[in-house]
Amino acid sequence: MRSFEVPEFYRSPIIGRVKQKRKSRDPRKQDFTPSVLDFGTVRFVMARHFGFCFGVENAIEIAYRALDENPGKRIFLLSQMIHNPEVNADLTAQGIRFLQDTEGNPLTPISELTADDVVLIPAFGTTLELEAQLKGIGVDVATYNTTCPFVEKVWKRSAKLATESYTIVIHGKPQHEETRATFSHARESGHALVVKNMAETEVLCSFIEGQRPMAEFWEHFEGRTSAGFDPAQHLQRIGVVNQTTMLASDTQAISDRIKQSIEAKSSDAQAFANTRDTLCYATNDNQQATQAALAAGELDAAVVVGGYNSSNTSHLVELCEEQVPTFFVRNEKELLADGTLKHYDWRTGVHQETADPWPEAEGGRIPTLLLTSGASCPDATVDRVMHAILERYPGSKDVEEVLIAFEQELDAQPLS
């Protein structure tokens, strides 16, 4: 896999070194056991995979290249490059402006653009309608298009299925940029429908199975379908794809449930399309690595680092919450000097504060924290969070000493 030119200030001396050591020992990324850094006073269990993925690094490289190649020009992002406040803040500090917020509401009117302006398409991609608007003005939408290749893979598969008379059911958050873009591409060739979760899927299946009258369909899915959608006709053949940052297990469960309904009603063996290969590898890896870290041993708490509007990060929080007290933090600034931790409840959208939540040693047992981050979070941010936590544990071993011990222990293990 190719490497990218990402600004050095996003790199990290601790996390980067751990990742490089793991990569040298396991270049094919088959070992999902976590990495453990033992500081004597506190132990960090880190998921095997976390942080910048292929699509994010590609987007960041293109964004900074656009800045270098266009001095003096106006540069715009359609919306947030990725869902990380530090990355977006740095880009705006260098003069990049946003055309829309994350829900598609205008911040700078498209009518103000000229053909001389530089526009970056974010990693989530964009709708065909907005792309056509930009092209109509004469804006170049290809040179600095940072759409993730794995998002584009979903689009291509959706288009192919649509030409084969399949309706595309998209598992995603209806207002998320990526879901809006995938819906736009899917409906270009056929019909599409968005479902948010299993509860909505159960409602959809009740229509597929004939348990509810089709007349009630629009009470549940108004604004979620392509134009001209006829539930009586367009729920006969279905393929399921997802917003790539959703929980892969949720998408698979939704896919299995719809397949069950289709097969119960249809004699056509091809009425349900297998789309498992469209699931994003990075999302899968990060989620599986988090699950492996949770299963590795007794944990006192989990700290997940990333942007509060990051879908993939919130799903990592969701996985951790099932087993241990979990704190969702944006960066090290959430750890206040008086010991209070500011953190985010992704379900309610409410910021919370917990006074000194850090576990203490009991009976000689070292407090153990799971530490991971979302795919749009720089490793340097995770480094800073780790240092901030270490300040709560005076007398910790030196970082270099801990890293050397980690590397020696890894070298002592037989290669698989």
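The values are calculated or read from the model by the stated rules, or taken from the named source; none is laboratory data. Everything numeric in this text was worked out from a predicted model, so none of it was measured. Cβ atoms come from the backbone with ideal geometry, glycine included; neighbour counts cover every protein chain shown. Just so you know, the surface numbers come from the protein's heavy atoms only, side chains and all, with ligands and any DNA or RNA stripped out. Shrake-Rupley method; radii C 1.70, N 1.55, O 1.52, S 1.80 Å.
Condition check ((1) exposed (fewer than 15 other Cβ atoms within 10 Å of the Cβ); (2) assigned to a loop (DSSP other than H, G, I, E, B)) across all residues:
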site	(1), (2)
E57	no, no
I62	no, no
F76	no, no
Q80	no, yes
H83	no, yes
A89	yes, no
A123	no, yes
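Test L193 against the criterion of being of a type outside the set (V, I, T), in contact with a Leu (Cβ under 8 Å, 6 or more places away or on another chain) and closer than 30 Å to L235 by Cβ, and give yes or no. Judged against the criteria, L193 is a match.
Contact map, region 222-242: residues that are touching a residue at least 12 places away in the same chain (Cβ under 8 Å) paired with residues that are open to solvent by 60 Å² or more (accessible area, probe 1.4 Å) and aliphatic (A, V, I, L, M), Cβ distance under 6 Å, separation 6+ or inter-chain. Pairs shown: P231/M214; A232/M214. Evaluated against (1) touching a residue at least 40 places away in the same chain (Cβ under 8 Å); (2) open to solvent by less than 70 Å² (accessible area, probe 1.4 Å); (3) not aliphatic (A, V, I, L, M), R330 falls short on exactly one condition, (2).
Give the residue that is surrounded by the most Cβ atoms within 10 Å (Cβ to Cβ), with candidates limited to residues of region 275-322 that are outside any helix (DSSP H, G or I), touching a strand residue (DSSP E or B) at 6+ places or on another chain (Cβ under 8 Å) and not hydrophobic (A, V, I, L, M, F, W, C).
Let us first name the residues in region 275-322 that are outside any helix (DSSP H, G or I), namely 275, 279-280, 296-310, 322.
Subset that is touching a strand residue (DSSP E or B) at 6+ places or on another chain (Cβ under 8 Å): 275, 279, 296-306, 308.
Still in the list and also not hydrophobic (A, V, I, L, M, F, W, C): 275, 297-298, 300, 306, 308.
Values: T275: 21, G297: 12, E298: 8, D300: 19, G306: 31, Y308: 18.
Among those residues, the one meeting the criterion is G306.
Residues in region 162-177 include at least one that is in contact with a Leu (Cβ under 7 Å, 6 or more places away or on another chain), hydroxyl-bearing (S, T, Y) and outside any helix (DSSP H, G or I).
The set of residues in region 375-416 that are under 27 Å from Y281 (Cβ atoms) and polar (S, T, N, Q) comprises S376, T381, Q413, S416. Counting only residues that are open to solvent by 20 Å² or more (accessible area, probe 1.4 Å) and among the β-branched types (V, I, T), region 174-207 holds 1 of them.
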